[in-house]
Amino acid sequence: VQLQAFGGGLVQAGGFLRLSCAASGRPFSGYGMGWFRQVPGKEREFIGAVSSGGTTYYPDSAKGRFTISRNNAKNTVHLQIDSLEPEDTAVYYCAADWGNRLSTWSSKAIDYWGKGTLVTVSS
């Protein structure tokens, strides 16, 4: 089972970025899929997730500039970040989890993690 995130890179503040994550090894249509991010020295931060049925959840800290979507036929999940800020610089991780309510997602209890992709936002 693998999750592979891609689409990171160096971007300018004010722009937007779309990250993608491809799942392989098993069907993920029944899993919730989502995104976290982490900067050195800080805990992995939950950005949001999408249920198998397409319902999204974003914690209050992430509402407004982040949009998560998924394509079950392609086993992919996407994260669009609008109005990028230098504070968005982080390693972004995709995640898949079975059964837990999206609003309870925690970095300490996720079934599958992808390798991160680095996003650097220049001012």
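The values are calculated or read from the model by the stated rules, or taken from the named source; none is laboratory data. The model shown is predicted, which means the values in this text are computed figures rather than measured ones. Cβ coordinates were reconstructed from backbone atoms using ideal geometry, including for glycine residues, and neighbour counts include every protein chain displayed. Heavy atoms of the whole protein, side chains included, go into the accessibility calculation; ligands, DNA and RNA do not. Shrake-Rupley method; radii C 1.70, N 1.55, O 1.52, S 1.80 Å.
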Open item on the list: Treating only the Cα positions of segment 74-123 as identical point scatterers, give the base-10 log of I(q)/I(0) from the Debye formula at each q in 0.15, 0.22, 0.28 Å⁻¹.
Closed with: -0.53, -0.96, -1.14
TODO: Could you state the accessible area per residue of segment 14-85 in Å², with a 1.4 Å probe and every protein chain left in place?
DONE: 48 Å²
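Find out how many positive minus negative residues lie around Trp98, taking Lys and Arg as positive, Asp and Glu as negative, among other residues whose Cβ is under 14 Å from that of Trp98.
Working: positive: Arg26, Arg101; negative: Asp97, Asp111.
Here the charged neighbours net out to 0.
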- [ ] Sequence neighbours fewer than 8 away in the same chain don't count; with that in mind, list the lysines whose C-alpha is under 21 Å from Lys63.
- [x] Lys42
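If Lys and Arg each add +1 and Asp and Glu each add -1, what is the summed charge of the other residues whose beta carbon sits under 15 Å from the beta carbon of Ile47? Please list the in-between numbers first.
Numbers: positive: Arg18, Arg37, Lys42, Arg44, Lys63, Arg65, Arg70; negative: Glu43, Glu45, Asp60, Asp82, Glu85, Glu87, Asp88, Asp97.
It works out to a net charge of -1.
How much net charge surrounds Phe6 when only the other residues with a Cβ under 11 Å from the Cβ of Phe6 are counted, with Lys and Arg +1 and Asp and Glu -1? Mind dumping the intermediate values first?
Numbers: positive: Arg18, Lys115; negative: none.
Result for the neighbourhood of Phe6: +2.
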Open item on the list: Tell me the relative contact order for the chain as a rounded percent, counting alpha carbon contacts under 8 Å between residues six or more apart.
Closed with: 36 percent
- [ ] Quick one: pull the percent of accessible area on the chain belonging to carbon and sulfur, 1.4 Å probe, ligands and nucleic acids left out.
- [x] 49 percent
Task: Choice from Asp60, Asp97, Asp88 with maximal GNM fluctuation in the chain (Cα, 10 Å cutoff) - done: Asp60
Task: Dipole magnitude of the chain about its Cα centre (Cβ charges: Lys, Arg +1; Asp, Glu -1), debye to nearest 20 - done: 320 debye
TODO: Provide, in order from the shortest bin, the percent of all Cα-Cα pairs of the chain in each 5 Å bin, continuing until the bin that contains the maximum pair distance.
DONE: 2, 12, 24, 26, 20, 10, 4, 1, 0
- [ ] Can you list which of the GluC sites (Glu not before Pro) found in segment 28-123 are DSSP loop residues with at most 13 other C-beta atoms within 10 Å?
- [x] Glu43
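At R0 = 22 Å, how high is the FRET efficiency between Glu43 and Glu85 if r is their beta carbon distance? Nearest 0.05 is fine. Could you put the intermediate results ahead of the total?
Working: r = 19 Å, r/R0 = 0.88.
According to the calculation, E is roughly 0.70.
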